[in-house]
Amino acid sequence: MSGNDRYKVAVLVCGFFIAAIGFIAIIGWLLDIRILHSIRADYIPMAPSTALVFIIMGSSLFVSTRWASHHFSILFSKVSAVLVAVFALLMLIQFFLGTDFGIEKMLAGEPGTLRDFPIGRMSPVTASAFLLSGLAQLSLLCVPQAPKSGRYLAVVMAAGVLIIGLAVLTSYLFEAPLLYRGAVIPVALPTAIAFVLLGSGLVAAVMPYLSLSVSGADVLIRTMPIFHGRYIPAAVVGIIGVLISITMYGIAHKNRSFEGALLILSAGLLFTALLTSYLFTTERYAIALKESMTERDKLISELQDALAKIKTLRGFIPICSYCKKIRNDKNYWEYLEVYVTERSEAEFTHGICPECTEKAMAEFSQMKKDKEKTEET
């Protein structure tokens, strides 16, 4: 199985499970089984609108990968990505304006509250991740025609979705869920799991399109070869930094105010981002320098080979005094024109010099006279 086939399988698996998580959450809402949409009774459940968007995104990923050459599947995926991005943008506008467009009421009604948070409403963090997901999917579908900057932008947005999912999921694992003591609706645990799958699927989907060229400036803007062996230390530092930051948040969350814990988390994530970015940048420049040195050595070798051929014409050249042929390195005799042409950029045009012209004319006149005498006889 080739690398591209592995990425394709990863996308199909992620798309299937994303849609499955959304479908299970919908069943949980219809049958009033909390474990299906919140996993634990004291956790915020996944909103029905969130579940529907996951079904759409998972289906879009699966269909666009499984039937990549079909016009209908590409059209379906593009429409799905646009709808998801527009819906997420509406949810964000609704949050920042402090209003309610009534879209989610049509799906969930007024099911009540949990820990003073309204149930069945999408978190603004979830909406932000869906906006990134929709734009990343739309960029991914246009990536064969997109410039390189568009391809890397799709990866960056997909990585953002993955980071959001990992951060929220890790906070649940440490039993210190993010935003549970704030005023913003938290992200549900099933939602975090689905975002990890969604981010991973989007990254895997765009990886085959990334340029692996190592020439020129493309080396310096190659920002996402995370699976390159030399980038593993920087990736490990980033992952450990995120885990430590969330762990410190969990400890502070139990002993301090929410604002203090959030400040510790923000500072830890900022430091981790700066350190990881520095390590990635340093490694990119190191790879670029190494590849530039390799290209330089190759160029020097080619120049030395060319110079060696030129020196052959400057040494002793064995030439026949009678026929003017030249003996080559393989001990074969070649015409002068052939020998020089093969070892230089010179080309020959044949003519006749004045002295040879006089000599040839004299020989021609003599031959003509001899012919006339023969005819008279």
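The values are calculated or read from the model by the stated rules, or taken from the named source; none is laboratory data. Computed from a predicted structure; not experimentally measured. In this analysis, Cβ positions are derived from the backbone assuming ideal geometry, glycine residues included, and neighbour counts consider all displayed protein chains.
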Check: Can you tell me which residues in the stretch 2-53 are among the acidic types (Asp, Glu) and either assigned to a helix (DSSP H, G or I) or at pLDDT 90 or above (or both)?
Finding: Asp5
Notebook entry, point to check: From the residues in the stretch 130-161 that are buried (at least 24 other Cβ atoms within 10 Å of the Cβ), among the small types (Gly, Ala, Ser) and within 13 Å of Ser200 (Cα to Cα), which one is modelled with the lowest pLDDT?
Noted result: Ala154
Notebook entry, point to check: Inside the stretch 323-351, can you point out the residues that are among the polar types (S, T, N, Q) and either in contact (Cβ under 8 Å) with a residue 24 or more places away in the chain or surrounded by 14 or more Cβ atoms within 10 Å (Cβ to Cβ) (or both)?
Noted result: Asn328, Thr341, Ser344
Notebook entry, point to check: Can you name the residue in the stretch 68-100 that is in a helix (DSSP H, G or I) and of a type in the set (Val, Ile, Thr) and, of all such residues, is farthest from Phe16 (Cα to Cα)?
Noted result: Ile93
Margin query: I'd like the residue in the stretch 1-38 that is over 34 Å from the mean Cα position of the chain (by Cα) and among the hydrophobic types (A, V, I, L, M, F, W, C) and, out of all such residues, is nearest to Gly112 (Cα to Cα).
Written below: Trp29
Margin query: Among the residues that make up the stretch 54-67, is at least one of them within 30 Å of Val206 (Cβ to Cβ) and not in a helix (DSSP H, G or I)?
Written below: yes
